[in-house]
Each structure stands twice: as C-alpha cells, then as structure tokens.
1. Filter the GluC sites (Glu not before Pro) in the stretch 153-236 down to the DSSP loop ones having no more than 10 other Cβ atoms within 10 Å, then list what survives.
2. Take the Cα gyration tensor of the stretch 175-236, multiply each eigenvalue by 5, square-root it, and list the three semi-axes largest first, rounded to whole angstrom.
3. Can you send over the carbon and sulfur percentage of the accessible area for the stretch 141-184, probe radius 1.4 Å, protein chains only?
4. Rounded, prolate or oblate: which fits the stretch 36-76 when a ≥ b ≥ c are the square roots of the eigenvalues of the alpha-carbon gyration tensor, with rounded for a/c under 1.5 and prolate only if a/b beats b/c?
5. Taking the solvent-accessible surface of protein heavy atoms with a 1.4 Å probe, what is the per residue accessible area of the stretch 157-236 in Å²?
6. Name the trypsin sites (Lys or Arg not before Pro) in the stretch 1-71 that are in a loop by DSSP and that have at most 15 other C-beta atoms within 10 Å, would you?
7. Can you give me the solvent accessible area of Lys200 with a 1.4 Å probe, rounded to the nearest 10 Å²?
8. Would you mind checking the pairs Lys14/Lys46; Lys178/Lys229; Lys14/Lys215; Lys43/Lys233 and listing those with alpha carbons more than 20 angstrom apart?
Amino acid sequence: MMIKKDFGSIVANKRKERRLSQPQLAALLCERGLDVKAHSISKWEKNVNLPNILQFFALCEILEISDINRTFQIGTDEKLFSKLNDEGQAKALDYMNLLVKSGEYVREEPIIYQFPRRTLSLYDLPVSAGTGQFLDSDRFSEIEVGDEVSSSADFGVRVCGDSMEPLYLDGQIIWIHKQETLEEGEIGVFFLDGDAYVKKYHQSDSGIQLISLNKKYAPIQVTSGSTLKTFGKVVG
C-alpha cells in the first residue's frame, strides 16, 4: 500500500473547503484528545510528515472525507477497482451488493478489541480562559474515557472564554494531570485569588505571569500578595 505524493495538497484543499485555518484544524483535533499543533498540519500539507493512524482517521472525520481510498488514491495501480471509471465502479458495487445479499459470500465479523476504559471526574463549573471562575471541587460528574485521553490525565474541566484560542476553544473539555508545579511555558490550571484559570505559566526575574494565547488579553501578573495554587498541567 502507498499514499500518493499529493497527500498534503489533498489535505490542504479539503481544509480550505471547510474554511478552516491550520490552527483551527489543530484545535478540532485536540478536542478529540489528539495533541496536534498547527505546525504539524503545515508539515503534513508540505508532505514533510504524515499523521499517525489516529490522527489520520480524525482528520478524515473533521474534513468529511468518507471515501478514503479514492480521495487519497491508496493502493497500487494494479488494483482492478482503481482502473474503472465512475460508471464501472458503480456497476462493480452493484454486483458486490448482490453477493452480500445472497448471504453466501459474507465473511464472519471480526472480533473487535475493546480498548480499556476508565472513569475520570469532569468538573461542572468551567475554568476561565478570559475572566476567571472558581473551580468548585464539590461539583463534578464521572465520565468514561478511553485511550483518546492521555493516560496521565486525572480530571477534566471545560474552558470558558476565548483567551486560549486557537489551541483551546470556549466550551472545550481539557484534561489535567495533577501536579503542584509547572515548568516555564507549560499550560496549566491555576487558582489565583479566588478564581481558576487555564493559562500558560511564565516566570522571569520580574515575577510570575499567567499568559493567554489570544494576544488581545494582557498577561495576569501574580503579585507578592496574591494567593496562587497550581491544580495541574493540561495534557490533552
């Protein structure tokens, strides 16, 4: 099996048909629990790299690509089906449907492996990506997740506001690994003076700041009199 060299241009064209920017597409993939950055999509579209299998199928779902083989011309030129025009392929499919309906040529259904599932807490009140809202530790629901969520995730919260766009969108669930400290540049959930935020952590000689990704929001300065607590690091 091979994927034609125009894979990148196909992805780019489908993305533009959906009127999505590369950061917007990356954000939609992140919503599905896949850690994809805009620069990764740029490399796909330039045929520098290819997505992994989970990223590929999520990409097809978002871009509404239903006929994967035909869209990406996956296979070899020796495949009989690929040599047929639209009318020929339609006739071949009609005959295949007749074979299926006869019941004599239907293969046994394969056993589908069920990936392990686990239950995580999803907090009802959103953390802020704009103005700040308190994360109420007593109000949460239990949600079942699979391997689409990072194995290091301990709980989930919803983003409120647009200050972490384009990476995290308003209403999006993000998954958090509990830890009390973050490294420079990491994104986490913080408790600051009565409110909870999702922000990028920045520390310099002038002190600690909580940074928004959306440039229209100014950094939040943590003063010496502030009460700051780190809930954890965003892992998906």
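1. Glu180, Glu183, Glu184
2. In descending order, the three semi-axes are 17, 14, 11 Å.
3. Of all accessible area on the stretch 141-184, carbon and sulfur atoms account for 46 percent.
4. Judged from the Cα gyration tensor, the stretch 36-76 comes out oblate (a/c at least 1.5, b/c at or above a/b).
5. On a per-residue basis, 50 Å².
6. Lys4, Lys5, Arg18, Arg19, Lys37, Lys46
7. For Lys200, solvent-accessible area is about 70 Å².
8. Lys14/Lys215; Lys43/Lys233
The values are calculated or read from the model by the stated rules, or taken from the named source; none is laboratory data. Quick caveat, the model's predicted, so the values are computed rather than measured. Because the Cβ atoms are built from the backbone with ideal geometry, glycine has one as well, and the counts that use them run over all protein chains shown. Only protein heavy atoms, including side chains, enter the accessible area calculation; ligands, DNA and RNA are left aside. Shrake-Rupley method; radii C 1.70, N 1.55, O 1.52, S 1.80 Å.
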